[in-house]
Ligand code: ACM
Ligand code: ZN
């Protein structure tokens, strides 16, 4: 009887316990939404109940205010958490513990250990920063209602052990607030998200050709004049932060263990400063704040000693605001045109025994490094600071590929990796999507073992030329930045894109709560052409498993039909839209196709297309896919600093009535129409019949993008109209013409589709 009674009691207890849990949503322990994924994780199927009787034991050794642990949890309980600074209880505790150097744990100061049992939560770390990482992990173990700030009597957390620390020490986001200005609250929002994903650097790009955003008391015109430009509608555009605002941002970041590294650009990308103080340029001015995008020839005069005093004064005020160990001084994209033509710069080169303008740049950077060193600060510069000799303690940020970082690391310098191939968030999803950024390995290939430790981490770079507001900024940065956060934290053995992608889906409701207007992970669809012996098909390939694709041909209909299998090739405008569930996913893809006689003809090249613009490689010019006004659309083929010379060999020759081809022009990107295009025909590749060449003098230096068709009609009376071989030669501009900022530099030729009818 007694036995039976106790059995009922026990049964009731079980019921009430499971009722508690069953009445609420529990996190799926098989799919914990942890980003970045921890180094070690062991999880069980038990849960700890956190409720108003849970006591938070704060270790007095953690001096800094943990900015929101108690409040964050208390706000989500019907009664606030209890707090104690005594030893941890045996039951129902949330206990913070300081690790000491005698603990046998990885010595990484960011290390934390999170243990959850049915009795309580223990979070241990060496530092406040480690503790904060553990707190962010803890938050990610709650269900979504927690992030929605719902109040509950109790929350259930999975019992587990996590031991975690980052692979790289430097995990950053560069934010350009110059091309477009973002106010203080946007920056604070970004600091919160950076902390949530365990990033630790916000690289704030504060000065540019198009705007100076930090007040310098000694030189008030830097913001009075330098912070403002005329936009494309001739309206005044700009802004700057007050010193108080910058200090507030720095403190906000510090509380969240994010270091703000300010970037003050020199010697190039400094036209806004030179508009305000033209006496530090080579010409003396007048100079205006730039209202266009690109690289501009006005740079600081390196031959004038007062330039260095000016910069020293600026840096002194910058260092008063920003306590970071590193100061970024830019150093990228500094055209040497002004220095070549400046008597002061040329005199300085003679005086210092410098053999060229690259050595002058190196001299310039070394003088700046000394200014920083006196103040116990270290210099970071873009990889151009390698040219002409790297200064002694400089850290290199590698952006033009991985080589700069590799060279720096092998010569004993620290390097931060942010190559355009993987880390540029201003690039569109066709070039860099989430999967691409997630595949990034910050360690350059073939780096010696010894040099590996010099790769201190990476950054994703958000340049804002074409990003005008917070909504667009969010769409560019998210979710790609989250991919990089995991790459920089989690060791490769724990990184699998498919698993990351599933965890990320669980984070979107959290990002919604953070008011992040995230964009898609990738473009929805990829097109490929399938050439069979007698038919051509277009395959629509989805970029993610959980998408579906629909399409229509314009002029037939504008109603999307489901894509099931490859569709027959034809001339026309194909519209493709991806869907995730019932919702459109990403932008509609529009591709024009054109049928013609030379489709799928092999092209023989007497020149080399550039790897970055290879498109469909040897079939790019005969795949029937017509390049659009976006020269990065994957249809255009680009040739750098050379003429185009190609021969087509047509398989089934019919009478040719016309040969035509498109060229592209966009002066801002140094792409120009050819000067001369000629077409020759031959039956045997020995005797050639030349058609009248076309000369072109339409070289437009404005920033308009345009496409021009060069067309060669063929007189049917000439025997050559039955030719098997078509030779095309396009001669580009040798140099960018005078009147352009990059006058004298080589040029690009962009061509697409040789249309033979
Ligand atoms: C850069 O993207 N010019 C560093
Ligand atoms: Zn000069």
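The values are calculated or read from the model by the stated rules, or taken from the named source; none is laboratory data. Nothing here was measured: the structure is a model prediction, and the numbers come from that model. Cβ atoms come from the backbone with ideal geometry, glycine included; neighbour counts cover every protein chain shown.
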Inset, instruction - Among the numbered conditions (1) within 16 Å of the chain's Cα centre (by Cα); (2) crowded, with 24+ Cβ neighbours inside 10 Å, tell me where residue 179 comes up short. - result: (2)
Legend entry - Number of the condition not met by residue 320 [criteria: (1) more than 15 Å from ligand 2 (Cβ to nearest atom); (2) touching a residue at least 40 places away in the same chain (Cβ under 8 Å); (3) not in a loop (DSSP other than H, G, I, E, B)]: (2)
Legend entry - Qualifying positions in the range 337-361 - closer than 18 Å to residue 383 by Cα and either near ligand 2 (Cβ under 10 Å from one of its atoms) or surrounded by 19 or more Cβ atoms within 10 Å (Cβ to Cβ) (or both): 357, 360, 361
Legend entry - Of residues in the range 408-438 being touching a strand residue (DSSP E or B) at 6+ places or on another chain (Cβ under 8 Å) and in a helix (DSSP H, G or I), the one farthest from residue 498 (Cα to Cα): 408
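Could you go through the range 80-96 and let me know if any residue there is touching a helix residue (DSSP H, G or I) at 6+ places or on another chain (Cβ under 9 Å) and within 30 Å of residue 453 (Cα to Cα). Reasoning before the result, please.
We begin by selecting, within the range 80-96, every residue touching a helix residue (DSSP H, G or I) at 6+ places or on another chain (Cβ under 9 Å); these are 80-81, 83, 94, 96.
Next, only the ones that are within 30 Å of residue 453 (Cα to Cα) stay: none.
No, the range 80-96 has no match at all.
Mind listing whichever residues of the range 648-672 are part of a strand (DSSP E or B) and buried (at least 18 other Cβ atoms within 10 Å of the Cβ)?
Going residue by residue through the range 648-672, those that are part of a strand (DSSP E or B) are 648-649, 658-666, 671.
Correct list: 648, 659, 661, 662, 663, 664, 665, 666, 671.
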Legend entry - Answer residue from the range 403-429, given it is more than 14 Å from ligand 1 (Cβ to nearest atom) and within 30 Å of residue 520 (Cα to Cα) and is surrounded by the most Cβ atoms within 10 Å (Cβ to Cβ) among those: 429
Inset, instruction - Examine the range 299-319 for a residue that is in contact with a strand residue (DSSP E or B) (Cβ under 8 Å, 6 or more places away or on another chain), over 30 Å from residue 705 (Cβ atoms) and within 16 Å of ligand 1 (Cβ to nearest atom), and state whether such a residue exists. - result: no
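For (1) under 19 Å from residue 516 (Cα atoms); (2) in contact with a strand residue (DSSP E or B) (Cβ under 9 Å, 6 or more places away or on another chain); (3) at pLDDT 95 or above, each residue gets a yes or a no:
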residue: 168; (1), (2), (3): no, yes, yes
residue: 177; (1), (2), (3): yes, yes, yes
residue: 187; (1), (2), (3): yes, yes, yes
residue: 197; (1), (2), (3): yes, yes, yes
residue: 207; (1), (2), (3): no, yes, yes
residue: 224; (1), (2), (3): no, no, yes
residue: 227; (1), (2), (3): no, yes, yes
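When only residues in the range 289-298 that are crowded, with 16+ Cβ neighbours inside 10 Å and either modelled with pLDDT of 95 or more or away from ligand 1 (no atom under 16 Å from the Cβ) (or both) count, which is farthest from residue 214 (Cα to Cα)? Show your work before the answer.
Of all residues in the range 289-298, those crowded, with 16+ Cβ neighbours inside 10 Å come to 289-290, 294-298.
If we keep only those that are either modelled with pLDDT of 95 or more or away from ligand 1 (no atom under 16 Å from the Cβ) (or both) too, we end up with 289-290, 298.
Values: 289: 15, 290: 17, 298: 20 Å.
Step by step, filter the range 289-298, then rank; the result is 298.
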Inset, instruction - At least 2 residues that are free of Cβ contacts under 8 Å to residues at least 60 places away in the same chain and surrounded by fewer than 23 Cβ atoms within 10 Å (Cβ to Cβ) in each: list the helices (runs of 4 or more DSSP H) lying fully within the range 449-496 that qualify. - result: 449-452, 470-477
Inset, instruction - Could you check residue 694 against (1) more than 29 Å from residue 737 (Cα to Cα); (2) without any contact (Cβ under 8 Å) to a residue 24 or more places away in the chain; (3) in contact with a strand residue (DSSP E or B) (Cβ under 7 Å, 6 or more places away or on another chain) and say which number it fails? - result: (1)
